[in-house]
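The values are calculated or read from the model by the stated rules, or taken from the named source; none is laboratory data. The model shown is predicted, which means the values in this text are computed figures rather than measured ones. All Cβ positions, glycine included, derive from the backbone under ideal geometry; neighbour counts span all protein chains shown. Quick note on the areas: whole protein, heavy atoms, side chains included, nothing else; ligands and nucleic acids left out. Shrake-Rupley method; radii C 1.70, N 1.55, O 1.52, S 1.80 Å.
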Amino acid sequence: QVRLVESGGGLVQAGGSLRLSCVVSGGIFRIPGMGWYRQAPGKQRELVASVTTGGSENYLDSVKGRFTISRDNAKSTVYLQMNSLKPEDTAVYYCNGNPHFGSWGQGTQVTVSS
């Protein structure tokens with residue numbers, strides 16, 4: 001079973017940056033699409049960014065130009081560089097496949113203060 005471990009979240013002021021990491025047990029080189037998702041209180045989980053093995057990236061409109069997703073197959077790790085953070089980016093962030101697998105990690109909390 002795939003195990004996902006996210007890290008890198010924290011409390012940051014608006015305009016700040018964070019870099020999230022997700023280590024995937026078993027490797028990601030066979031997984032065509034990987035993504036970062038987020039879930040804010042009272043809202044549904046949403047796909048924020050995704051990247052394919054070929055390097056094709058897609059982003060939620062609200063994060064375009066601010067977030068960058070990348071993957072390192074050799075390290076079985078997916079990253080999300082988040083710049084110019086806004087209070088509305090506050091959420092628990094998760095990584096998973098795109099489309100997602102059945103299991104989820106514990107996520108990492110990102111809190112952006114105004």
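Tabulated data
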{"quantity": "Over region 1-50, relative contact order from alpha-carbon pairs under 8 Å, at least 6 apart, %", "calculated": "28"}
{"quantity": "Geometric extent, Cα atoms of the chain - Rg, Dmax (angstrom)", "calculated": "13.1, 40"}
{"quantity": "Part-to-part distance (alpha-carbon centres) for region 1-46 and region 99-114, which is given in Å", "calculated": "5"}
{"quantity": "Glu88 - accessible surface, heavy atoms, 1.4 Å probe, Å² rounded to 10", "calculated": "130"}
{"quantity": "Asn73-Lys86 pseudo-label distance in nm [points 7 Å out on the Cα-to-Cβ vector]", "calculated": "3.5"}
{"quantity": "Within the accessible area of the chain (1.4 Å probe), percent carbon and sulfur", "calculated": "49"}
{"quantity": "Within the chain: Cβ-based charge dipole about Cα centre, in debye rounded to nearest 20 (Lys, Arg +1; Asp, Glu -1)", "calculated": "140"}
{"quantity": "In Å², nearest 10: area of Phe101 left accessible to a 1.4 Å probe", "calculated": "50"}
{"quantity": "Whole-number percent relative contact order across the chain, with pairs defined as alpha carbons under 8 Å at least 6 apart", "calculated": "38"}
{"quantity": "From phi via Karplus (6.51, -1.76, 1.60), per-residue ³J(HN,Hα) for region 16-24 in Hz, x at Gly/Pro", "calculated": "x, 10, 9, 10, 8, 10, 9, 9, 10"}
{"quantity": "Three semi-axes of the equivalent ellipsoid, region 55-114, Cα gyration tensor, whole Å, largest first", "calculated": "21, 15, 11"}
